[in-house]
Amino acid sequence: MNTNIYTHPSFIKHETPQNHPERPERLKILLEALSAHTIIETNDYDENIIVPLILQAHTKNHLAWLEESVIEDEITCIDNQDTYLSDHSLAAAYQGVSNICQAIDDLKNNDIKNKKSSHAFCLSRPPGHHAEPAKAMGFCLFNNIYCGALYAQSIGFEKIAIVDFDVHHGNGTQAMFEKHKPEDMIFISTHEMPLYPWTGKDSKDNIYNYPLPTNSNGAYMRSLYGDTILPQLDEFRPDLVLISAGFDAHKDDIQANLNWDESDYEWLGNALSKYQTASILEGGYNLDALKHSVLAYVNGLDAS
Ligand SMILES: [Zn+2]
């Protein structure tokens with residue numbers, strides 16, 4: 001098994017209201033399910049490193065607004081819909097960025113020492129791919145994957161591909177690309193359309209959107225990746241692939257209407273395993289489907 005799991009106790013302390021789909025139990029069941037793997041509890045985040053990194057992606061106002069929005073002993077809704085802050089949420093969000101950076105550090109060291117491909121899976125919450133430069137939304141506070149990409153380039157990974165297979169479009173990551181126009185990076189997203197957040201129809205510049213029809217199945221996804229996306233990745237020749245790994249395209253997940261199953265996630269993991277990868281947990285809300293899908297995906301990564 002060459003996929004290491006990166007996590008931290010603060011991720012379970014990020015509270016959401018009762019019956020909220022993005023809840024601490026998601027992480028609890030995944031930690032249990034992945035216990036046969038190497039689970040690395042990451043170092044507590046260093047504010048002097050993490051805050052400047054986040055400020056390369058997000059605005060100062062965004063950070064200040066989040067800090068000001070925390071109300072002691074309360075779970076506060078911050079976007080009139082579905083994104084919540086509790087006392088411990090910001091610590092979890094900062095730690096989420098730090099967590100993926102530590103995973104990327106280890107991949108870099110491994111790359112130098114062992115000259116072999118290997119994988120990291122970041123088990124963190126809140127998720128990140130909906131967070132825009134100046135906006136928290138869709139359960140997300142900071143855009144972990146984009147911060148991770150910036151960090152990876154800062155330590156010597158030159159070409160970064162971000163692949164997002166969460167069932168929802170990674171509007172936040174796309175907004176980061178639109179605002180910052182990063183060089184030597186591409187963003188590839190597959191997502192159900194039409195569906196929240198209602199973006200991601202067209203491709204432009206280094207942003208490649210592949211909408212998936214409502215009710216489409218794993219076979220549709222496999223041929224899209226096999227015929228188009230994997231060849232595109234091969235052509236780009238990334239030094240590192242960062243993956244927004246959401247598991248809500250599963251047929252039993254009620255947040256969306258696709259019909260993937262565990263075997264499709266195993267196929268995806270295997271298809272991406274030829275690269276050095278760091279995946280980060282985004283969506284996936286049916287606990288049983290989430291557990292089986294993550295296990296299958298990690299098995300797929302390990303199979304190479
Ligand atoms: Zn999602």
For an R0 of 22 angstrom, estimate the FRET efficiency from the Cβ-Cβ distance between Ile155 and Glu47 and round to the nearest 0.05. 0.70
Using a simple charge model, +1 on the beta-carbon of Lys and Arg, -1 on the beta-carbon of Asp and Glu, nothing else, what dipole does the chain show about its Cα centre, in debye to the nearest 20? 720
By average Cβ neighbour count within 10 Å, what is the ranking of 218-231, 85-98 from highest down? 85-98, 218-231
Can you tell me the order of 195-202, 162-169, 125-132 when each peptide is scored by its average per-residue count of other Cβ atoms within 10 angstrom, highest first? 125-132, 162-169, 195-202
Going through the DSSP H helices of the chain, which span 24 Å or more along their own axis at the Cα atoms while scoring at least -0.5 as a mean Kyte-Doolittle hydropathy? 89-114
Can you put Lys274, Lys60 in order of Cβ neighbours within 10 angstrom, beginning with the fewest? Lys60, Lys274
So if I take the centroid of the Cα atoms in region 26-41 and the same for region 155-180, what is the distance between those two points in Å? 26
Please compute the alpha carbon radius of gyration of the chain, then divide it by the globular-protein estimate 2.2 N^0.38 Å. Two decimals is fine. 0.90
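Estimate the FRET efficiency between Asn217 and Asp288 by the formula 1/(1 + (r/R0)^6), using the beta-carbon distance for r and 30 Å for R0, to the nearest 0.05.
Plugging the Cβ-Cβ distance into 1/(1 + (r/R0)^6) gives 0.95.
Rule-based calculations on the coordinates, nothing more; no lab input. Keep in mind that what you see is a predicted model, and the values were worked out from it rather than measured. FYI the Cβ positions are ideal-geometry reconstructions off the backbone, even for glycines, and counts take in every protein chain you see.
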